[in-house]
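Undergrad: Pasting a structure here, questions to come.
The values are calculated or read from the model by the stated rules, or taken from the named source; none is laboratory data. Keep in mind that this is a model prediction, so the values were computed, not measured. No Cβ is skipped: glycine too gets one built from the backbone with ideal geometry, and neighbour counts run over all protein chains shown. SASA here: full protein model, heavy atoms, side chains in, ligands and nucleic acids out. Shrake-Rupley method; radii C 1.70, N 1.55, O 1.52, S 1.80 Å.
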Amino acid sequence: MFRNTNLPIQTKSGAFAPVGDIMSTQIKYAYKRHNTWVFRRTYPKALQPLLGSALKQSLKTGDATQAKARVAELNQTYHSIIKEAQAHATDYPQTTASTATQAPRLGVARPRYQHARLLGDGLISDLAQAYLAEAAERLRPGSYKSVRFALELLCSHLGERAVGELSLTQGKEVLGYITQLSPNVRKYRDGKGAGLVELARLSQEQESTTSAPQTQARILKQMVQFLDWCVGEGELEANPWDGLRVKDRPDVHPHGMLSDKQVMILLQAKDRVLHSALIFALLTGMRSGEICGLMAEDITAKGNLGRFISIRPNRVRLLKSKAAEREVPLHGMLGNLLDTALPTSGRLFPHLSVDRVVRQYAHLRRRHPGLRGTVFHSTRKWFITQCERTGVPEHFTASLVGHHSARSANKLTYGLYSAGISDAQKREIIEGIRLPDWEDAS
């Protein structure tokens, strides 16, 4: 009788493999199953109550040469596990009542392997998760939220596709839906968890206006930056959406600047939440986030120059840019406010956050129609306007409000070579700012 050489043969590890594979390639402590090499090495019997029966792991490859290299690496891991386990063996309870939480934690990590895949095979949804994990570490919460929203729109429409399948046609389709989104798309009750197509439909049904070209361009830019990242990570050969543009030119529509009349409305309202913060903003030009993070420890006295406040990163908030780190003289009126109404230690405005400032100012707008078209940031614009009207050079104002440099002919010279204006010059500028009807402002 002839033996059927096509029958599988059982290996030492207990797995079955075709006889052709056994004869052609043999790797100690590894066997081939479903065209993938698997590592298996039994632990010593004395350590099996602690470690289990064996160290077993897929090598995620069908190539024998690569499998041999990975077996060598796992053998080193195996010996490290044995060495550490022997050190813990005498302390480990041998009774059956011991639980997993009682078992010692060995400081040995097993190597992780992945199947090789072709360029462009990665799913958009998987790559977006990896990109967002990186973005969360380098972006501030507000910026990260914007990036996450853009990628959620992308993944809702194309997330199950391989990134290599993206084409310019699909990019134009996505851009078409983006241009249909309304400014209030995130506020729809029916839009919670809805995808790009559904949000575009809801926008058309519930509102006649669409988001500004600037917003559309920002969403598209964040998607394009994600694809640029895919190119950099070796997941794409080139960005297929690199040439996409929003047709309408993005125009900036800034909120209005406060007039003197509107400043008086704010001061006379004496809002219990924002009144002190509004006076600070009007007389220093600080951003809302900077005000929310002010600490009593940030205030220093400089002799006859009066008190200054250091605006710097702290445990409460970061700053918008390096230029935002600065020292600003405190107006005499702010000195009185500090002495009478604000805490002497810790946060000066412990009840405020940027979100609460936005909501409370919106409440003020509803109560006082004369404030329509303004936001809290308009106080900063009012301060800068007062500086301009009193003849303050633009680069002086830039150093007070934390801008990188003034848009002037001296930008290069001052930006690179100047140490900035003196404290005395800052004090002179600040004291030149006058609130309307000064006596009623307190």
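Undergrad: In percent, what relative contact order does segment 185-309 have, based on Cα pairs under 8 Å that are 6 or more apart in sequence? Provide the component values of the computation, followed by the final result.
TA: Details: 58 pairs, mean separation 16.6, N = 125.
13 percent.
Undergrad: Another question, then. Normalising by the residue count of segment 261-327, find the relative contact order in percent from Cα pairs under 8 Å and 6+ residues apart.
TA: Numbers: 51 pairs, mean separation 12.7, N = 67.
Once normalised by length, the contact order is 19 percent.
Undergrad: Let me ask something else. Over the heavy atoms of residue 351, what accessible area does a 1.4 Å probe trace out, to the nearest 10 Å²?
TA: So the heavy atoms of residue 351 present about 80 Å² to solvent.
Undergrad: With charges only on Cβ, +1 for K and R and -1 for D and E, what is the dipole size of segment 165-255 about its Cα centre, in debye, rounded to 20?
TA: Working: 11 positive and 13 negative charges, 100 e Å.
Dipole magnitude for segment 165-255 comes out near 480 debye.
Undergrad: Give me the accessible area of residue 390, 1.4 Å probe, in Å² rounded to the nearest 10.
TA: 80
Undergrad: Does segment 263-322 come out rounded, prolate or oblate by the C-alpha gyration tensor, with a ≥ b ≥ c the root eigenvalues, rounded set by a/c under 1.5 and, if not, prolate when a/b is larger than b/c and oblate if not? Before the final figure, lay out the partial values.
TA: Values: a/c = 2.19, a/b = 1.35, b/c = 1.63.
Cα axes put segment 263-322 in the oblate bin.
Undergrad: Classify segment 311-402: rounded, prolate or oblate, from the alpha-carbon gyration tensor (a ≥ b ≥ c, eigenvalue square roots; a/c under 1.5 rounded; otherwise prolate if a/b is larger than b/c)?
TA: rounded
Undergrad: Sort segment 109-163 into rounded, prolate or oblate with this rule: let a ≥ b ≥ c be the square roots of the eigenvalues of the Cα gyration tensor; rounded if a/c is under 1.5, and if a/c is not under 1.5, prolate when a/b is larger than b/c, oblate otherwise.
TA: Details: a/c = 3.38, a/b = 1.34, b/c = 2.52.
Oblate is the answer for segment 109-163, as a/c is 1.5 or above yet b/c matches or exceeds a/b.
Undergrad: Tell me the relative contact order for segment 156-244 as a rounded percent, counting alpha carbon contacts under 8 Å between residues six or more apart.
TA: Details: 75 pairs, mean separation 31.9, N = 89.
Reported as a whole number, the value is 36 percent.
Undergrad: I would also like to ask the following. Can you give me the solvent accessible area of residue 168 with a 1.4 Å probe, rounded to the nearest 10 Å²?
TA: Near enough 80 Å² of accessible area.
Undergrad: List every residue whose amide H lies under 5 Å from the amide H of residue 302, counting only residues 5 or more places away in sequence or on a different chain, with H placed 1.01 Å from N in the peptide plane.
TA: Hits under the 5 Å cutoff: 307, 308.
Undergrad: Could you give me the ³J(HN,Hα) list for segment 169-179, computed from phi with Karplus coefficients 6.51, -1.76, 1.60 and θ = phi - 60°, whole Hz, x at Gly and Pro?
TA: 4, 5, x, 5, 5, 4, 4, x, 5, 4, 5
Undergrad: Something else now. Can you list the HN-Hα couplings for segment 358-366, worked out from phi with the Karplus curve (6.51, -1.76, 1.60; θ = phi - 60°), rounded to whole Hz and with x for Gly and Pro?
TA: 4, 5, 5, 5, 4, 5, 4, 4, 5
Undergrad: In whole Å, how far is the Cα centre of segment 292-312 from that of segment 199-245?
TA: Segment 292-312 and segment 199-245 have Cα centres separated by 43 Å.
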